[in-house]
Amino acid sequence: MTSYDGSTAAHVVWLVAASALLVPAPVRAQTTIDVARITCEQWQAYKVANPDQVALWISGYHAGKRGTTVIDVQTFRETNIRKVKDRCFREPKMLVMDAVAQEIVGGK
């Protein structure tokens, strides 16, 4: 049986800690999304991101174009998301930007 003194144990701990620094940390890939190209089908299937977040972002984009800086998030979630979902269900090949523009913003 081999005995280890405190010095050997300290070396083992140091070696394990040092080797942990050499292992690359997981890196989150930065994803870029062209929101103008998301179809209703992709949007509804969560293929890009959370549909509610995408729709809110697009609505904010259109609001910004009109100079509106306030969005009623509660109404948006309860009413506007439903309108976009219904439109996308009927027209899965439609772009979500167009569905939001037509159902929430009121046309282009």
Requested in this report: Can you tell me which residue among Val96, Val84, Val100 is of a type in the set (Val, Ile, Thr) and either in contact (Cβ under 8 Å) with a residue 60 or more places away in the chain or touching a Gly at 6+ places or on another chain (Cβ under 7 Å) (or both)?
Outcome: Val96
Report task. Considering only residues that are surrounded by 12 or more Cβ atoms within 10 Å (Cβ to Cβ) and not in a helix (DSSP H, G or I), look in region 69-95 and name the one that is modelled with the lowest pLDDT. Result -> Ile71
Report summary line: Reported set for region 57-87 where residues are farther than 14 Å from Ala101 by Cβ and hydrophobic (A, V, I, L, M, F, W, C) is Val70, Ile71, Val73, Phe76, Ile81
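The values are calculated or read from the model by the stated rules, or taken from the named source; none is laboratory data. Bear in mind that the values here come from a model prediction, so they are computed numbers and not experimental data. Cβ coordinates were reconstructed from backbone atoms using ideal geometry, including for glycine residues, and neighbour counts include every protein chain displayed.
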